[in-house]
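I have placed the structure first, in the form of structure tokens, so that the comments after it can refer back to it.
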């Protein structure tokens, strides 16, 4: 049995993709709005451009959250990882959400990192690789995180649904903390997490119960949840003594609790 880490440095409350639904996800505008609501820790999704620049994007394709369909022209791939950063940086990532955010650009991982570092905020980075690039994406994100946070006391928490991405991150920068994301408790999940030297499990909040929390903590891991948008669900997780709650409802929950 491992000993549960007592030096857990991260706040309980984490703003999902910056500010949940109140701003265009995974943009600097969203992070600023989440911070205005008092949040000190944020979650974001990071993948690689075709020329190896880590940037923020949840989906594999650009169509839902950017104007790529019109800006890149017909016949162009809509897969984010197929384009160079010079193309991606010119896209509008705000108009899809609302007129007030028109023209908001896609941020690079470095942009967001510097915002967090300058303001003393914490970050949970979900490594979101283009299929087939799990290992290289984990390596690239970890290398850049290590460089950006080299003088910081608390590094970002790197998480992924893809064990291959976490393995890549571990091979590149083994000292950075890692977490396994789960949407189900598939066979061997705990063994995979401990085998990757993870410090936490981040799973669908409905999966946690007394037994699973106990099993996780006996293995020396912290228990975090996504995406918690109801007060009753948040209270259930607090009562279970879980360690982190990722939410869209930055307008509902006080991050000071």
Most mobile listed residue (230, 82, 239) in the chain, GNM with C-alpha springs under 10 Å
239
Within the chain, the percent of DSSP beta bridges that are antiparallel, given to the nearest 5, stands at 20 percent
Pair residue 147, residue 238: separation of 7 Å Cα→Cβ label points (nm)
4.1 nm
Angle between the Cα long axis of helix 163-172 and the longest principal axis of the chain, 0 to 90 degrees, nearest 10?
90 degrees
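On average, how much area does the Cα convex hull of segment 129-217 cover when viewed from any direction, in nm²?
For segment 129-217, the mean projected area of the Cα convex hull comes to 6.2 nm².
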Whole-Å semi-axes of segment 16-98's equivalent ellipsoid (Cα gyration tensor):
24, 14, 9
When only C-alpha pairs under 8 Å and at least 6 residues apart count, what is the relative contact order of the chain, in percent?
21 percent
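What value, in deg cm²/dmol to 500, does the helix sum -39500 (n - 2.57) over DSSP H runs of n ≥ 4 give at 222 nm once divided by the residues of the chain? Don't skip to the answer; put the middle values down first.
Working: 9 runs with 78 residues, N = 257.
Per the formula, -8500 deg cm²/dmol.
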Where the centre of each part is set by its Cα atoms, how far does segment 180-257 sit from segment 42-107, in angstrom?
29 Å
Springs between alpha-carbon pairs under 10 angstrom, Gaussian network model over the chain: which of 188, 168, 20 fluctuates most?
188
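Calculate, in whole percent, how much of the Cα-Cα pair population of segment 18-170 lies beyond 24 Å. Write out the running numbers ahead of the final one.
On the way: 3419 of 11628 pairs.
For segment 18-170, the share of Cα pairs beyond 24 Å comes to 29 percent.
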Dividing the surface of the Cα convex hull of the chain by four yields a projected area in nm² of 13.3 nm²
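With an 8 Å cut-off on Cα pairs and a minimum separation of 6 or more residues, tell me the relative contact order of segment 53-117 in percent. Intermediate results must be reported in sequence, preceding the final value.
Numbers: 80 pairs, mean separation 23.4, N = 65.
Dividing the mean separation by the residue count of segment 53-117 yields 36 percent.
Taking 0.36 nm per intervening residue step and subtracting the Cα-Cα distance, what contour gain separates residue 210 from residue 187 on full extension?
Details: separation 23, 0.36 × 23 = 8.28 nm, distance 1.87 nm.
Full-extension gain reported as 6.4 nm.
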Sort 143, 16, 97, 175 so that the residue with the fewest other Cβ atoms within 10 Å of its own Cβ comes first and the one with the most comes last.
175, 143, 97, 16
Distance histogram in 10 Å bins (all Cα pairs of segment 166-257, percent per bin)
16, 46, 29, 9
Note on segment 122-182: contact order normalised by length, alpha-carbon pairs under 8 Å, 6 or more apart, percent, works out to 40 percent
Cα-based helix-to-principal-axis angle, 134-148 vs the chain, degrees rounded to 10
90 degrees
By how many nm would the segment from residue 51 to residue 98 grow when fully extended, if each residue of separation counts as 0.36 nm and the alpha-carbon distance is taken off?
13.9 nm
How compact and how long is segment 86-159, expressed as Rg and Dmax of its alpha-carbon atoms in Å?
14.2, 38
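Rule-based calculations on the coordinates, nothing more; no lab input. Quick caveat: nothing in here was measured; it's all calculated off a predicted structure. With ideal geometry, Cβ positions are generated from the backbone for all residues, glycine too; neighbour counts draw on all protein chains shown.
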